[in-house]
Amino acid sequence: MRNRVPLFALLLVAATPALAVELRLTAPADYQVVQRITPGTGVVRIAGELSEPAPAEATVEARVLDGRSEPVWRAIGVVADRKVSGAITVPAGGWWTLDVRVVHDRVELARSTVAHIGVGEVFVVAGQSNSANHGADRQSTRTRRVAAFDGTAWRLADDPQPGASGSGGSFMPPLGDALVEQLGVPVGFIPCGIGATSAREWLPKGTAFPAPPTIESRVTRTAAGG
């Protein structure tokens, strides 16, 4: 009797082979906040690549685990050789978990999971010191539903904020928490502030102005002096 449980477990493992093809997702990223397009929904773009080419008829399916309803697999895109792409409508809120898989003839070839995605409000934060981590005290998000993007990756928006110039504190964690509590959805910040910049430096590229800013290292002086 003592040998039956280990033998049964061994048979279960042998009967469930690991997926031979790997799916690496490039979008969405973990902790990414997607701007909602209606008060209750947003569209999450999905992109990735398989480690091996898939059959021509393979499809991409996705499901969202939001803890409120039974997750259902939905066909959302196609596979082109090894490239995976598609889009899925997701309810506002989060953090949700997103499962993506590639299927052929009802057989799952590969699967990947993003543990945290949110659909809510996204803000770009630009300017000088007050937007660039030059506060005296570093702060952290209390709700843990505020994220920040540095141009490459998303993460929880604990100071210092990624993408901005300083290494101190900012207003973004408490502001994000207040917005989360008011709106009931995750909040994403894209910080790109640079300390000691002037308003003139944030004009569209190529704009000329007669008076240079205090620090000229980020502007180009033209032949006419503008």
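Bear in mind these aren't lab numbers, they're just calculated from the coordinates by the rules spelled out. Nothing here was measured: the structure is a model prediction, and the numbers come from that model. Cβ placement follows ideal geometry from the backbone for every residue including glycine, while neighbour counts extend to all protein chains displayed.
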- When only alpha-carbon atoms count, how far does the range 126-195 stretch along each of its three principal axes, as whole angstroms with the largest first? 32, 26, 16
- Query: What list of ³J(HN,Hα) couplings, whole Hz, do you get for the range 106-111 from phi and the Karplus terms 6.51, -1.76, 1.60, once you set θ to phi - 60° and write x for glycine and proline?
  - Reply: 6, 10, 6, 8, 7, 8
- Message: Pairwise over distinct Cα atoms, reciprocal of the mean inverse distance: report the Kirkwood radius of the chain in Å, one decimal place.
- Response: 20.6
- Item | Calculated [θ] (222 nm, deg cm²/dmol) that DSSP helices of n ≥ 4 give over the chain, each run adding -39,500 (n - 2.57) | -3500 deg cm²/dmol
- Item | Virtual spin-label span in nm between TRP202 and SER167, 7 Å along Cα→Cβ | 2.5
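Just subtract the alpha-carbon distance of ASP137 and GLU181 from 0.36 nm times their residue separation and send over the number in nm, one decimal.
On the way: separation 44, 0.36 × 44 = 15.84 nm, distance 2.26 nm.
Contour length minus the Cα-Cα distance gives 13.6 nm.
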- Message: Quick check: the angle from helix 172-183's long axis to the longest principal axis of the chain, C-alpha only, nearest 10 degrees?
- Response: 60
- Query: Dipole magnitude of the range 125-221 about its Cα centre, charges +1 at Lys/Arg Cβ and -1 at Asp/Glu Cβ only, in debye to the nearest 20?
  - Reply: 200
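Give me the net charge for the shell around ARG155: Cβ to Cβ below 14 angstrom, other residues only, Lys and Arg +1, Asp and Glu -1. The partial results should precede the final answer.
Values: positive: ARG144, ARG145; negative: ASP30, ASP150, ASP158, ASP159.
Net local charge, ARG155 excluded: -2.
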- What is the local net charge at VAL102, summed over the other residues whose Cβ is closer than 13 Å to its Cβ (Lys, Arg +1; Asp, Glu -1)? -3
- Nonlocal amide H pairs with GLU22, under 5 Å, H built at 1.01 Å: SER51, GLU52
- Given a Förster distance of 22 angstrom, what is the FRET efficiency for ASP105 paired with GLU70, based on the Cβ-Cβ distance and rounded to 0.05? 0.35
- Task: Choose one of ALA153, VAL119, THR143: the residue whose Cα lies farthest towards the positive end of the charge dipole of the chain (beta-carbon charges +1 Lys, Arg; -1 Asp, Glu; about the Cα centre).
- Result: THR143
- Message: If you wrap a convex hull around the alpha carbons of the range 101-226, what volume per residue comes out, as a whole number of Å³?
- Response: 165
- Query: Taking only Cα atoms, what is the 0 to 90° angle, nearest 10, from helix 4-15's long axis to the longest principal axis of the chain?
  - Reply: 70
- Task: Can you find, among GLN32, VAL72, GLY86, the residue farthest towards the positive end of the dipole of the range 19-118? Put +1 on the C-beta of Lys and Arg, -1 on that of Asp and Glu.
- Result: GLN32
- Projecting the Cα atoms of THR97, ALA164, ALA199 onto the charge dipole of the range 90-204, where Lys and Arg contribute +1 and Asp and Glu -1 at Cβ, the residue farthest towards the positive end is THR97
- Item | Net charge dipole size for the range 83-178 [Lys, Arg +1 and Asp, Glu -1 on Cβ; Debye, nearest 20] | 220
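Using a Förster distance of 22 angstrom, determine the FRET efficiency expected from the C-beta separation of THR41 and ARG155, and round it to 0.05. Walk me through the intermediate numbers first.
Working: r = 25 Å, r/R0 = 1.12.
Once rounded, the FRET efficiency stands at 0.35.
How large is the dipole of the chain about the Cα centre if only Lys and Arg carry +1 and Asp and Glu carry -1, each at its Cβ, rounded to the nearest 20 debye? Could you put the intermediate results ahead of the total?
Values: 22 positive and 21 negative charges, 22 e Å.
For this selection, approximately 100 debye.
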- Item | Alpha-carbon Debye profile of the range 53-169, log10 I(q)/I(0) at 0.14 Å⁻¹ | -0.73
